[in-house]
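Data first, discussion second: the structure below is written as C-alpha cells.
The values are calculated or read from the model by the stated rules, or taken from the named source; none is laboratory data. Because the structure is predicted, anything quoted here is derived from the model rather than measured. Every residue, glycine as well, gets a Cβ built from its backbone with ideal geometry; the counts of neighbours run over all protein chains shown. Ligands, DNA and RNA are excluded from the accessible area calculation, which covers all protein heavy atoms including side chains. Shrake-Rupley method; radii C 1.70, N 1.55, O 1.52, S 1.80 Å.
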Amino acid sequence: MPRVQAVFTGDLIGSRDAPAAAVEAAMDSLKSAAQSIETTHGFSARFTRNRGDGWQILLPDPHLALHAFLALAATLRAADTGLATRIAIGLGPVDTPGTADLSDAAGAAFVTSGDLLETLDTETAAIAGHGVTDWQRGVIALADWIVSGWTAQQAEAVALTLLEPTHTTNAERARTLGISRQAFEARLKGSGLSAFAHARSAFQTHDFEAPA
C-alpha cells in the first residue's frame, strides 16, 4: 500500500466571537509553526486555510506527529491571541497532496482527519488511522490537556526549543527572548516538555506502516 502520511485538520475555538485581528494572528502563528517544521525537516507542509477559521497541514513523515502537535500548540499559545484550536490527526495513504495547496488533496489520511475533527466534543485533539494504537491516542489526549495549561511564556520557550534548530543551548534561546538562562529554564521546566521525551522517541520509532 502507499506509505502512511499524517494530515492535521483543525479549527479555531471561539473564533466567531473573537476580533478579526485575533483570528488572523492565530492563523499566522499556526502557519509560522508549519513553515518552521517544514524548513527543519525538509518538506512542504502545505499549510492551507479554509472556512475562515479552519486549517490543514500535511506531514509526509507520520513519526513527527507528536512533535508537530506540540510545536503548533506552543506557537499558538505563545501568540497569546486568546484562541485555541482543535486538532485532528489522521494517518493513512495520500493519493494527491493537491495542486497549489491542500484544498483539492485526496486520500485516506484526509478522510480520517476530517471525520475525526467532526467527532471532537469535550476533547480538542485526537489521532486515528493506519498504525495508530491506544498508546498514541492516550499520549495525544494527555498532551492536549497539558498544553492547555501552558502560559504564553512557557509556550514561547517550548516553541523556541522545538522549532529553532540553530539554537543549541538554553543560553542561546534565552538571549533570543532577552531573558536570563535561569528564567528560560524555569519556563521550560514549568511546561513539562522534558516529560515528553520518551513519548516523542516512541512516536519516532513506531512502525505506522504496520496495521494496528
*asked:* Contact list please: Cβ distance under 6 Å, first residue in the stretch 111-133 and closer than 21 Å to LEU64 by Cβ, second residue of a type in the set (Val, Ile, Thr) and assigned to a helix (DSSP H, G or I), pairs at least six apart or on different chains.
replied: ALA125/ILE140; ILE127/ILE140; ALA128/THR112; GLY129/THR112
*Could you tell me whether THR81 is of a type in the set (S, T, N, Q), over 26 Å from GLY129 (Cα atoms) and either part of a loop (DSSP other than H, G, I, E, B) or open to solvent by 40 Å² or more (accessible area, probe 1.4 Å) (or both)?*
yes
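Condition check ((1) at pLDDT below 95; (2) open to solvent by 70 Å² or more (accessible area, probe 1.4 Å); (3) hydroxyl-bearing (Ser, Thr, Tyr)) across all residues:
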residue	(1), (2), (3)
VAL111	no, yes, no
GLY114	no, no, no
THR119	no, yes, yes
GLU123	yes, yes, no
LEU142	no, yes, no
GLY192	no, no, no
ALA212	yes, yes, no
_Qualifying helices (runs of 4 or more DSSP H) (wholly inside the stretch 149-212; at least 1 residues being over 22 Å from the mean Cα position of the chain (by Cα) and without any contact (Cβ under 8 Å) to a residue 12 or more places away in the chain)_ = 170-177, 181-191
*How do the pairs read when you match residues in the stretch 8-23 that are among the charged types (D, E, K, R) with residues anywhere that are at pLDDT 95 or above and surrounded by 12 or more Cβ atoms within 10 Å (Cβ to Cβ), using Cβ under 8 Å and keeping only pairs 6 or more apart or on different chains?*
ASP11/GLY54; ASP11/TRP55; ASP11/THR85; ASP11/ARG86; ASP11/LEU117
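For (1) under 15 Å from PRO97 (Cβ atoms); (2) in a strand (DSSP E or B); (3) open to solvent by 40 Å² or more (accessible area, probe 1.4 Å); (4) modelled with pLDDT of 95 or more, each residue gets a yes or a no:
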{"site": "ASP28", "(1), (2), (3), (4)": "no, no, yes, yes"}
{"site": "ALA33", "(1), (2), (3), (4)": "no, no, no, yes"}
{"site": "ILE57", "(1), (2), (3), (4)": "yes, yes, no, yes"}
{"site": "HIS63", "(1), (2), (3), (4)": "no, no, yes, yes"}
{"site": "LEU70", "(1), (2), (3), (4)": "no, no, no, yes"}
{"site": "THR75", "(1), (2), (3), (4)": "no, no, no, yes"}
*Can you find even one residue in the stretch 85-96 that is assigned to a helix (DSSP H, G or I), among the aliphatic types (A, V, I, L, M) and either touching a Gly at 6+ places or on another chain (Cβ under 6 Å) or within 26 Å of GLY190 (Cα to Cα) (or both)?*
no
